[in-house]
Amino acid sequence: MEDDLKTIQDVEIKPGDYTVTVHVIEVRGLVAEKKDDTPDPVLRVHAYGQHRSTAIKKDTGSAYFDDKFLFQLADMTEAT
């Protein structure tokens, strides 16, 4: 993971507008918080002050989402 972070830190970011896409595919093997309950998976993505969320999948420990979230980043620079 440290190698990945170093690689990311070495990337030159050219100033401009960007769109970041996050693709949420699935979750597996989730357990409920309470012993006699079933999980209700939902995924929340927070990036650059923007927030997106999947729909809640009721009563399942594994769920298929296949959601794509777009984050619009305007006027990005290396300092941003």
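Tabulated values for the structure
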| read-out | value |
| --- | --- |
| GNM flexibility winner over the chain from Lys34, Lys57, Lys14 (Cα, springs under 10 Å) | Lys34 |
| DSSP-assigned coil residues among GluC sites (Glu not before Pro) in the chain, each with at most 13 further Cβ atoms within 10 Å | Glu12, Glu33, Glu78 |
| Distance histogram for segment 6-52 (every C-alpha pair counted, 10 angstrom bins, percent rounded to whole numbers) | 16, 32, 28, 15, 8, 1 |
| Calculated diffusion of the chain, Stokes-Einstein form, Kirkwood radius summed over Cα pairs, 20 °C and 1.002 mPa s, µm²/s | 140 µm²/s |
| Residue with peak Gaussian network fluctuation, the chain [Cα springs, cutoff 10 Å], from Gly16, Gly61, Gly49 | Gly49 |
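Only the coordinates and a few stated rules stand behind these numbers; no lab work does. What you see is a predicted model, and the numbers here were worked out from it, not measured in a lab. Every residue, glycine as well, gets a Cβ built from its backbone with ideal geometry; the counts of neighbours run over all protein chains shown.
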